[in-house]
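Quick notes on the structure that follows.
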There are 2 protein chains.
Amino acid sequence: MVDSKAQPMVGRQRTGRDPVRTQAVILEAATAEFAEKGIGGARVDTIAQRAGTNKRMLYHYFGDKIGLYVAVLEAAYAAIRSAERKLDITQKEPEEALSELARFTWHYFLDHPEFISLLNTENLHRAVHLKGSPRLREMHSHLVTELEQVLKRGVELGVFRAGIDPLNVYLTIASLGFFYLSNRHTLSVIFGRNLTEPERLAEWEEHLVRTVLASVKAE
Amino acid sequence: MVDSKAQPMVGRQRTGRDPVRTQAVILEAATAEFAEKGIGGARVDTIAQRAGTNKRMLYHYFGDKIGLYVAVLEAAYAAIRSAERKLDITQKEPEEALSELARFTWHYFLDHPEFISLLNTENLHRAVHLKGSPRLREMHSHLVTELEQVLKRGVELGVFRAGIDPLNVYLTIASLGFFYLSNRHTLSVIFGRNLTEPERLAEWEEHLVRTVLASVKAE
DNA sequence: CAGAATTGTAACTATCCAGTTACTTGCCTA
DNA sequence: TAGGCAAGTAACTGGATAGTTACAATTCTG
């Protein structure tokens, strides 16, 4: 999610002055630590160790623990928005477009469980950090606007029913993708099944796509 | 979620020996504290204050902070299972039964945001506390079995399509209800809308019910 | 009314942890 | 090659916190 050249410097000699790379490895280590343990459980010393640097650097670049967490959250949003911009669904048939958006979202969550965890952490804290971020505008998703166009063409073609709020469709996709993965631990225990077996994941993906299409289907 | 006679004893004199009630007020205060702050952010002294008792009592009855948290989690599961047992969907028309289950789940989550938060906390910790609970069996939901019967009758009547895993329908309902409320803070910031306005909540409830029914509809 | 049980008080311990300080080391460039 | 800059070291401070201790106070029942 951060610059791919970022790598912990554990077991390495100093490689020279590179503030951008130092910040990147700190951010990556902090992402893992905050995602695994939340704000209250994350430890500054552990983040420094995981990054292969020292905590003087953390305070030098990010100010304090919360400043580091905010940078992690902003980077996480930047990453998903960057990935979303690579998706262009407006040039496809409506049903295909919607399927593609649904699969993209599912696979993004599947490949980025740390993003799910960070969202849960931020909601636990009532989004106070997100609200205070000057980069808020960058976190908006253009996909709802694109989705609006897709739904409109679907209505025109007679495959989608009219009167659907695109935000609701976006939230339907996100709901089905997020909940399954976010709650995989408790659900696996409660239902006595391993929800993260490859077959189950593939089955849920098909169920997700089918449900989203069914929810907008013309009668 | 806990015994209704539980009430904080703040500002009250000692009201006599009542270990059941003392434990109940501690559990209620602890539920609020763990739900609002997670395990790492919750404070034992604050729980005692919120309960109107002292922390000697917390350690006396629950052993330690984690023991208290586990008791909170078990009580939360007991409460939703108790509420679920009052629901009988097997005697209704399949579509009505499914609608009722969907609305019940939505309203349960709406009325119990602390349950949502505790589930997120427990998943952050990979359900290690849940796994270790001797009350695990009590946490299973009988509703999947009932749902299986409802789906079967729906297929027989020709209103539902065949081959649907009842667990997937249950997860669909839970997904749509859970995600919206769990992420209400970040989503409200990102999309610039207050997702918890009464009109939005009512609209989402209708969308939830419609989507669940559409997902099982016979073709 | 005495004793048992529940609940309370307040000080305490030991540990943890965010953040700071004062310096040192190493790299790179003019 | 000297100096500036990035990065590192390690001790430290101050405060927070879970959990404990040793007793006291209150309630209620046999």
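May I ask you to evaluate 6.51 cos²θ - 1.76 cosθ + 1.60, the Karplus curve with θ = phi - 60°, for each residue of the range A:125-138 and list the ³J(HN,Hα) values in order in whole Hz, giving x for glycine and proline?
8, 6, 6, 5, 6, 4, 4, x, 7, x, 9, 4, 4, 5
Which residue fluctuates most in the GNM of chain B (Cα springs below 10 Å): B:Leu143, B:Leu157, B:Leu208?
Answer for the Gaussian network model of chain B: B:Leu157.
Give the B-A buried accessible area in Å², both sides summed, 1.4 Å probe, nearest 100.
For B against A, buried area totals roughly 4800 Å².
Mind pulling the angle between the C-alpha long axis of helix A:113-124 and the longest principal axis of chain A? Nearest 10 degrees, somewhere in 0 to 90.
90
Out of the trypsin sites (Lys or Arg not before Pro) in the range B:178-219, which ones are loop residues according to DSSP with at most 15 other C-beta atoms within 10 Å?
When the trypsin sites (Lys or Arg not before Pro) of the range B:178-219 are filtered for loop state and at most 15 Cβ neighbours within 10 Å, B:Arg193 remain.
Could you work out the local net charge near B:Val209, counting Lys and Arg as +1, Asp and Glu as -1, over the other residues with Cβ closer than 13 Å to its Cβ?
After counting each charged neighbour, the total is -3.
Pick from A:Gln91, A:Gln149, A:Gln49: which residue has the top mean-square fluctuation in a GNM of chain A where Cα pairs under 10 Å get a spring?
Ranking A:Gln91, A:Gln149, A:Gln49 by mean-square fluctuation puts A:Gln91 first.
Have a look at B:Arg50, B:Arg135, B:Arg17 and tell me which one the Gaussian network model of chain B (Cα, springs below 10 Å) gives the largest fluctuation.
B:Arg17
Using a probe radius of 1.4 Å on heavy atoms only, what accessible surface per residue do you get for the protein assembly as shown? Whole Å² is fine.
Heavy-atom SASA per residue in the protein assembly as shown reads 46 Å².
Using Cα pairs under 8 angstrom and six or more residues apart, how large is the relative contact order of chain B, in percent?
20
Which pairs in the list A:Lys152/B:Lys92; A:Lys131/B:Lys131; B:Lys55/B:Lys131 are over 32 Å apart, alpha-carbon to alpha-carbon?
Result: A:Lys152/B:Lys92; A:Lys131/B:Lys131 exceed 32 Å.
For chain A, what % of the accessible area comes from carbon and sulfur atoms, probe 1.4 Å?
Solvent-exposed carbon and sulfur of chain A make up 50 percent of the total.
The values are calculated or read from the model by the stated rules, or taken from the named source; none is laboratory data. Just so it is clear, the structure is predicted and the values come from calculations on it, not from any experiment. Cβ sites come from the backbone with ideal geometry, for glycine too, and all protein chains shown count toward neighbours. These area figures cover heavy atoms from the full protein model, side chains too; ligands, DNA and RNA do not enter into them. Shrake-Rupley method; radii C 1.70, N 1.55, O 1.52, S 1.80 Å.
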